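**Q** Below are the structure tokens for one structure; questions will follow.
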Amino acid sequence: MITFSFTVARPTIIVKADGVLPSGITVLTGQSGSGKSTFIKSIAGLVKPSTGIIRYDETTWVDRDRKVWVPAQERQVGYMPQGNIVFPHMSVEKNITYSNRGTPKICDELLVRLGLEKYRHTKAGRLSGGEQQRVALGRALYSKPTVLLLDEPLSALDWNLRKQVRQELMDIIREWDVPCLWVTHDESDVAAVGDRHWICEAGIIRTGCICKHT
Amino acid sequence: MNPFWLSIGVAVIALIIVITIGLCVCFWMNRWRGNVIALLDAIITLPLVLPPVVVGFALLMVFSPGYAFGGWLEKHNLGVVFSSAGAVIASAVISFPLFYQTVRSALQSVDHNIEDVARTLGASELRIFFTISIPLAWKGILTGSILAFCRAMGEFGATILIAGNIPGLTRTMPLAIYSYVEAGQYMDAFELVIYICALTLALLSGIHLLTKASMFRNIERS
């Protein structure tokens, strides 16, 4: 469980967040530029909060008062940013096994489960958008993440592909039972995906709304 | 050694030095967030805009046996003034900014999100640089290398100051052309001009063809 209470002050935006990220899928919505990506990057260890704390269970990842800072490399979070985010020059297998935390058995399981077995040795940059999203998810899951952070995972896809890929990602995340924060600006994702709904408004993360899960 | 092969040899060794040091500097400059980055960037780029003869004079001040560092090198039989090593150093210093600017831009254009993903997967900065940044910026690195090689091969001003114009030892193609013209041997000079133009043209066209071929491959894939 991730507990956080922090502020990120940047020249363009101030993000304030206070809450707990429990198990299940949490959807975070908000307008473009409202601070969703900054929030998710702070949890991932890619942006340094100006003040506050972030904890994972008993481990402190950030405590600015005590000058504690655990870098992204040591947090073991699965992060999927926006856009085409595979390593395009590497094969699908090399993409998935980029982290040293997994085992060959996990890789085989993921390739089968994600329907990527036949593309094992294909360069990831040659795959379609939907397949690339599955590679990115597989790569994140292979690293045995404590939490999955998905920043608009469907944004690079055509609208007709979105529903299918969304269902695939959702099914796999639930199977692997990893707490997940799913950032989107598409309101239709809220009811379809999330167990709960957070809103980001002008940099303030509002937590606590329960979704009707379908 | 004749001027053609001497030029090639000097340019190849200079390029190896430029690539090795250049990649280290680019790695450091792209990751460092300090305030003096603009000043360092300007200092590194200086040889590109200064007259080569000024750079040559600065190198002479550093490596001349009459001064501390040059004297120390001379004492250990490592003197570079009026030697092929001097020509290599002059070529490397002059061509370095061209490589640095091209490669740094190429590395900066790599999607930072991809590097961020690698960080969350536990990869060290060095591993990210070698497995993600360099492979994705290869076109820029190749272009920078070819430009640096061409520049090193055509280097004149700094070379003549630090390495002199010694036949077989430091007389590279540009220096040989200068000597031939001075002696009125225009046909010999013309021959070398043709060589240097043809080689440079072939290499620069190579960049264009390679980029085009890579673009077509990407279109085919998509």
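The values are calculated or read from the model by the stated rules, or taken from the named source; none is laboratory data. Owing to the predicted nature of the structure, the values given are computational and were not obtained by experimental measurement. All Cβ positions, even for glycine, are placed from backbone atoms using ideal geometry, and neighbour counts span all protein chains on display.
**Q** Name the single residue, out of those in the stretch B:141-150 being in contact with a Ser or Thr (Cβ under 7 Å, 6 or more places away or on another chain) and either polar (S, T, N, Q) or crowded, with 23+ Cβ neighbours inside 10 Å (or both), that is farthest from the other protein chains (Cβ to nearest Cβ).
**A** Filtering first and then ranking leaves B:148.
**Q** Hey, can you tell me all the residues within the stretch A:82-106 that are more than 7 Å from chain B (Cβ to nearest Cβ), out of contact with any Cys (no Cβ under 6 Å at 6 or more places or on another chain), among the β-branched types (Val, Ile, Thr) and assigned to a loop (DSSP other than H, G, I, E, B)?
**A** Passing the criteria: A:86, A:103.
**Q** Can you tell me which residue among B:80, B:25, B:103 is β-branched (Val, Ile, Thr), surrounded by 22 or more Cβ atoms within 10 Å (Cβ to Cβ) and either part of a helix (DSSP H, G or I) or at pLDDT 95 or above (or both)?
**A** Of the residues listed, the single one that is β-branched (Val, Ile, Thr), surrounded by 22 or more Cβ atoms within 10 Å (Cβ to Cβ) and either part of a helix (DSSP H, G or I) or at pLDDT 95 or above (or both) is B:103.
**Q** Being part of a loop (DSSP other than H, G, I, E, B) and facing chain A (nearest Cβ under 10 Å) is the filter; apply it to the stretch B:106-122 and report the residue that is nearest to residue B:24 (Cα to Cα).
**A** B:111
**Q** With the requirement that a residue be without any contact (Cβ under 8 Å) to a residue 60 or more places away in the chain and of a type in the set (Phe, Trp, Tyr), what does the stretch A:34-63 give you?
**A** A:61, the sole residue that qualifies.
**Q** Same structure again: List the number of the failed condition for residue B:145; all other conditions in (1) under 19 Å from the mean Cα position of the chain (by Cα); (2) modelled with pLDDT under 95 hold.
**A** Residue B:145 satisfies every listed condition except (2).
**Q** Yes or no: residue A:141 farther than 21 Å from residue B:119 by Cβ, in contact with a helix residue (DSSP H, G or I) (Cβ under 6 Å, 6 or more places away or on another chain) and either surrounded by 20 or more Cβ atoms within 10 Å (Cβ to Cβ) or among the basic types (Lys, Arg) (or both)?
**A** no
**Q** Among A:82, A:31, A:76, which is in contact (Cβ under 8 Å) with a residue 60 or more places away in the chain, of a type in the set (S, T, N, Q) and in contact with a strand residue (DSSP E or B) (Cβ under 6 Å, 6 or more places away or on another chain)?
**A** That would be A:82, the only listed residue that is in contact (Cβ under 8 Å) with a residue 60 or more places away in the chain, of a type in the set (S, T, N, Q) and in contact with a strand residue (DSSP E or B) (Cβ under 6 Å, 6 or more places away or on another chain).
**Q** Can you go through A:131, A:117, A:109 and tell me which one is more than 10 Å from chain B (Cβ to nearest Cβ), buried (at least 18 other Cβ atoms within 10 Å of the Cβ) and not aromatic (Phe, Trp, Tyr)?
**A** From the options A:131, A:117, A:109, the qualifying one is A:131.
**Q** Something else about it: Output the residues belonging to the stretch B:172-196 that are within 23 Å of residue B:145 (Cα to Cα) and surrounded by 11 or more Cβ atoms within 10 Å (Cβ to Cβ).
**A** Of everything in the stretch B:172-196, those that are within 23 Å of residue B:145 (Cα to Cα) and surrounded by 11 or more Cβ atoms within 10 Å (Cβ to Cβ) turn out to be B:172, B:173, B:174, B:175, B:192, B:193, B:195, B:196.
To keep it simple, each residue is scored yes or no on (1) small (Gly, Ala, Ser); (2) under 16 Å from the mean Cα position of the chain (by Cα).
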site: B:73; (1), (2): no, no
site: B:95; (1), (2): yes, yes
site: B:99; (1), (2): no, yes
site: B:116; (1), (2): no, no
site: B:121; (1), (2): no, no
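**Q** Within the stretch A:31-39, does at least one residue satisfy the condition of being touching a Lys or Arg at 6+ places or on another chain (Cβ under 6 Å), within 14 Å of chain B (Cβ to nearest Cβ), under 18 Å from residue A:156 (Cβ atoms) and crowded, with 17+ Cβ neighbours inside 10 Å?
**A** Scanning the stretch A:31-39 turns up no residue that is touching a Lys or Arg at 6+ places or on another chain (Cβ under 6 Å), within 14 Å of chain B (Cβ to nearest Cβ), under 18 Å from residue A:156 (Cβ atoms) and crowded, with 17+ Cβ neighbours inside 10 Å.
**Q** Sticking with this structure for a sec: State whether one or more residues within the stretch A:68-75 are among the hydrophobic types (A, V, I, L, M, F, W, C) and more than 14 Å from chain B (Cβ to nearest Cβ).
**A** Checked the stretch A:68-75: at least one residue is among the hydrophobic types (A, V, I, L, M, F, W, C) and more than 14 Å from chain B (Cβ to nearest Cβ).
**Q** Determine if the stretch A:49-56 includes at least one residue that is assigned to a helix (DSSP H, G or I), of a type outside the set (Ser, Thr, Tyr) and more than 12 Å from chain B (Cβ to nearest Cβ).
**A** no
**Q** Among the residues of the stretch B:123-133, write down those that are facing chain A (nearest Cβ under 10 Å) and touching a residue at least 12 places away in the same chain (Cβ under 8 Å).
**A** Within the stretch B:123-133, B:125, B:128, B:131, B:132 qualify.
**Q** Continuing with this model, one more query. Given (1) surrounded by fewer than 21 Cβ atoms within 10 Å (Cβ to Cβ); (2) at pLDDT below 95, identify the lone condition not met by residue B:163.
**A** For residue B:163, the exception is condition (1).
**Q** So, one more: Could you please let me know if residue B:12 is surrounded by fewer than 17 Cβ atoms within 10 Å (Cβ to Cβ) and farther than 30 Å from residue B:128 by Cβ?
**A** Here the answer is no, as residue B:12 does not meet what is asked.
**Q** Please go through the stretch B:49-73 and give me each residue that is exposed (fewer than 12 other Cβ atoms within 10 Å of the Cβ) and either within 27 Å of residue B:99 (Cα to Cα) or touching a His at 6+ places or on another chain (Cβ under 9 Å) (or both), ordered by number.
**A** Selection gives B:49, B:51.
**Q** Consider residue B:188 carefully, then state whether it is among the acidic types (Asp, Glu) and within 14 Å of chain A (Cβ to nearest Cβ).
**A** no
**Q** Still on this structure, please answer the following. Output the residues belonging to the stretch A:65-81 that are more than 14 Å from residue A:41 (Cα to Cα) and assigned to a loop (DSSP other than H, G, I, E, B).
**A** Once the filter is applied, which keeps residues that are more than 14 Å from residue A:41 (Cα to Cα) and assigned to a loop (DSSP other than H, G, I, E, B), the stretch A:65-81 yields A:65, A:66, A:67.
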